[in-house]
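**Q** To start, I am sharing the structure in question, which I have written as structure tokens.
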Amino acid sequence: MPAAHLHKALLAALLGLALAFPLVAANDYYLYVMSLAYIMAVAALGLNLILGYTGQLNLAHAGFMAIGAYTVGLLTVDYGVPYWIAFLAAGLVAAAVGFVAGVISLRLKTHYFAIFTLCVGFIIYLVIEKADGLTHGTVGVIGIPAPPGLGPVQFASTTAQYYLILAFLVASLWLMSRIVHSLLGRSFVAIRNSEDLAETLGINLMRIKVL
């Protein structure tokens, strides 16, 4: 069997196992743990893009994930914003903060960039912990609602939420595959291999790395 066909068969088998997991799970706790694993997998895909393909050691990755999570929680609980609007806003807020941090930090290279992003991540952590009036501090955001239904599909149950997160993971895998096999993905790899060579080939280093 060709390697490409084997790869597709393996992915199909893994997807089948993931779809069947709720049927064999002993209780909802197992679904909850697997859902968290899928969320971590989505986060790992993003980290792999900037670290594995672009070669930039970003130590603030978890901080930007926290910004997105807190945006959803605070908008829905404190301000009554509909869940899916808050969900979209979370990506925009995290991207905006990431853009500002990237414009500053990506002027640095190697371990200087890593140290700067480590500081950014720690600052995000301190803001979440100390800004009680904004983030609820160490108490956390309590009472975040479940995602509302989309037409006839409802997400009130743990099983439905499991499948929703799995759908996001599959979509993320597909999107990441499309990116890394595109011209943009080749630009990421070129920057990882040699920034000087990438620049001589006409790649705008700052624009691509901030993106």
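The values are calculated or read from the model by the stated rules, or taken from the named source; none is laboratory data. On a predicted model such as this, the values are computed, not experimentally measured, just so you know. Don't worry about glycine lacking a Cβ; one is built from the backbone with ideal geometry, like all the others, and counts go over all protein chains shown. For the accessible areas, the whole protein counts, side chains as well, though only heavy atoms, and no ligand, DNA or RNA atoms are used. Shrake-Rupley method; radii C 1.70, N 1.55, O 1.52, S 1.80 Å.
**Q** What is the extension gain from residue 27 to residue 3, computed as 0.36 nm multiplied by their sequence separation minus the C-alpha to C-alpha distance, in nm to one decimal?
**A** Between residue 27 and residue 3, full extension yields an extra 4.9 nm.
**Q** Just to be sure I understand the rule: take each whole DSSP H helix in the chain, project its Cα atoms onto its long axis, keep it if the span is 20 Å or more and its mean Kyte-Doolittle hydropathy is at least 0.0. Which ones pass?
**A** The qualifying helices are 3-24, 28-47, 61-78, 83-105, 110-130, 158-180.
**Q** For the chain, set up a Gaussian network in which alpha carbons nearer than 10 Å are linked by springs, and say which option among 77, 127, 153 fluctuates the most.
**A** It is 153.
**Q** Oh, and also: In straight Cα distance, which lysines are under 29 Å from residue 209, not counting same-chain residues fewer than 8 positions off?
**A** Filter leaves 109.
**Q** Same structure again: In the Gaussian network model of the chain, springs joining C-alpha atoms below 10 Å, which of 152, 82, 22 carries the largest mean-square fluctuation?
**A** The residue with the greatest mean-square fluctuation here is 152.
**Q** With the Cα gyration tensor of segment 1-100 in hand, convert its eigenvalues to equivalent ellipsoid semi-axes via √(5λ) and list them largest first in whole Å.
**A** One finds semi-axes of 30, 23, 11 Å for segment 1-100.
**Q** Whole-Hz Karplus ³J(HN,Hα) for segment 138-153, in order, using 6.51 cos²θ - 1.76 cosθ + 1.60 and θ = phi - 60°, x for Gly and Pro?
**A** My calculation for segment 138-153 gives 6, 5, x, 8, 9, x, 5, x, 6, x, x, x, 10, x, x, 8 Hz in order.
**Q** Given N residues in the chain, what is its alpha carbon radius of gyration divided by 2.2 N^0.38 Å?
**A** Ratio of Rg to 2.2 N^0.38 Å for the chain: 1.16.
**Q** Once label points are set 7 Å from the Cα along Cα→Cβ at both residue 37 and residue 171, what is their separation, rounded to one decimal in nm?
**A** 2.3 nm
**Q** Using only DSSP helix segments of four residues or longer, with each worth -39500 (n - 2.57), what per-residue ellipticity at 222 nm results for the chain after dividing by its residue count and rounding to 500?
**A** Calculated at 222 nm, the ellipticity per residue is -24000 deg cm²/dmol.
**Q** Show 200, 158, 135 ordered by accessible area, largest first, where the area counts protein heavy atoms only and the probe is 1.4 Å.
**A** 200, 158, 135
**Q** Mind putting a number on the dipole of segment 60-199 about its Cα centre? Charges go on the C-beta only, +1 for Lys and Arg and -1 for Asp and Glu, and I need it in Debye to the nearest 20.
**A** 260 debye
**Q** How would you classify segment 127-211 from its alpha-carbon gyration tensor, with a ≥ b ≥ c the square roots of the eigenvalues: rounded for a/c under 1.5, else prolate if a/b is greater than b/c, otherwise oblate?
**A** Because a/c hits 1.5 or more and a/b fails to exceed b/c, segment 127-211 counts as oblate.
**Q** Can you tell which of 18, 101, 66 shows the greatest fluctuation in a Gaussian network model of the chain with Cα springs below 10 Å?
**A** Checking each option, the largest mean-square fluctuation is seen for 18.
**Q** Report the longest stretch of the chain that contains none of the trypsin sites (Lys or Arg not before Pro) sitting in a DSSP loop with at most 14 other Cβ atoms within 10 Å.
**A** Answer - 1-106.
**Q** Another question, then. Of 138, 71, which has the most accessible area with a 1.4 Å probe, and how do the rest follow in descending order?
**A** 138, 71
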